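Nothing in this text is a laboratory measurement; each read-out follows from the coordinates by a stated rule. Bear in mind the structure is a predicted one, so any value in this text is a computation, not a measurement. Don't worry about glycine lacking a Cβ; one is built from the backbone with ideal geometry, like all the others, and counts go over all protein chains shown.
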Amino acid sequence: MTAAAIIMASVFGGFVFSHITMIRPMGFGLAVGVLFDAFVVRMLIVPSLMHLVGEGAWWMPKWLDKILPNVDVEGAALERDHPVPAAATEADKPTA
């Protein structure tokens with residue numbers, strides 16, 4: 001995320017050298033805005049607020065939990081519903 005912000009800021013910063021006077025302040029403003037968002041907001045303010053709020057940051061209203069679908073990308077619910085039986089050991093195998 002930080003690398004993307006640096007790339008975007010450098011591209012927007014390149015607009016400062018434009019010959020069109022209207023583009024110069026826009027490029028500067030966008031570059032400063034992207035850097036502020038990436039470094040101050042996303043690396044300082046959001047993590048500190050999440051630390052202060054604690055478990056409340058992950059609270060979801062019950063009405064919203066009912067509406068949203070249960071997306072199980074990695075199949076954890078399937079493993080909970082149908083556990084894999086333990087592998088047979090050498091002592092459990094019949095001898096011939």
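Pulled fully out, how much extra length does the chain show between M43 and L64, if you take 0.36 nm times their separation in residues and subtract their Cα-Cα distance?
Working: separation 21, 0.36 × 21 = 7.56 nm, distance 2.83 nm.
Contour length minus Cα-Cα distance gives 4.7 nm.
Phi angles of the stretch 33-48 translate, via the Karplus equation with coefficients 6.51, -1.76, 1.60 and θ = phi - 60°, into HN-Hα couplings of x, 5, 5, 5, 5, 6, 8, 7, 6, 7, 9, 10, 6, 5, x, 5 Hz per residue; Gly and Pro are given as x.
According to the calculation over all Cα-Cα pairs in the chain, the P(r) per 10 Å bin from zero is 12, 18, 18, 18, 15, 9, 5, 3, 1 %. The simple spin-label model puts a point 7 Å past each Cα toward its Cβ; for L30 and H51 those points are separated by 3.4 nm.
With +1 on each Lys and Arg Cβ and -1 on each Asp and Glu Cβ, how big is the dipole of the stretch 2-81 about its Cα centre, in debye rounded to the nearest 20?
460 debye
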